[in-house]
Amino acid sequence: MEKIQHNNIKVNGINMHVAEIGEGPAVLFVHGFPELWYTWRHQMLFIASKGYRAIAPDLRGFGDTEAPPSATSYTAFHIVGDLVCLLDSLGLDKVYLVGHDWGAIIAWHLCMFRPERIKALVNMSVVYKSRHPSVKPVELMRQIYGDDFYVCRFQVNVGSTTVITKLFSFISIIIMI
């Protein structure tokens, strides 16, 4: 792990923490929720050993990347914009893209918004699902999965202490299963 380089890069008005290793064609890894670049550490080492440059940022609001205070700063446009600015900052025209969970959703959007920047996409655990024309995504998730679905649980602004307590309770339940 000590071979992985860590940098903070100014992108799209925020400082983004980025982990990198290797040389060659670039592979951009996009983490899920509630994860960090660290999710990809083993894949990064393997990919780098095969002659690729592995890049894994902490997304906006995660880990050591800045967290803008407004919820309106976390749209797919903002997060995709962060990744496009990251590619520009690193001097990369195109990358192989790998996404997991929430990162897969962002990866789909990056491919749709900026297809000329992507060589190929590999997504894990989340298939592409287009938006329903008249139902908001969270409302649809509530209808299908109920209020206890993790995405629905974190929609209420109740303060960070309550959210963190609920998050750790939720993670503890999952680990026990």
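Couple of notes before you dig in:
- Legend: residues 138, 122, sorted from most to least accessible area (1.4 Å probe; ligands, DNA and RNA excluded), read 122, 138.
- Per-selection Rg to Rh, the chain - Cα, Kirkwood hydrodynamic radius: 0.97
- Accessible surface area normalised per residue over the chain is 58 Å², counting heavy atoms of protein chains with a 1.4 Å rolling probe.
- Of all accessible heavy-atom area on the chain, the percent that carbon and sulfur account for (1.4 Å): 58
- Remark: for residue pairs 50/119; 3/50; 3/129; 50/94; 10/94, the C-alpha separation exceeds 26 Å in 3/129.
- Förster radius 25 Å - calculated FRET efficiency between residue 122 and residue 23 (Cβ-Cβ, nearest 0.05): 0.75
- Percentage relative contact order, the chain, counting C-alpha pairs under 8 Å, at least six apart: 18
- Computed lengthening from residue 74 to residue 131, 0.36 nm per intervening residue step minus Cα-Cα distance: 18.8 nm
The values are calculated or read from the model by the stated rules, or taken from the named source; none is laboratory data. These numbers were taken from a predicted model, which means no experiment stands behind them. Glycine also receives a Cβ, built like all others from the backbone with ideal geometry; neighbour counts cover every protein chain displayed. For the accessible areas, the whole protein counts, side chains as well, though only heavy atoms, and no ligand, DNA or RNA atoms are used. Shrake-Rupley method; radii C 1.70, N 1.55, O 1.52, S 1.80 Å.
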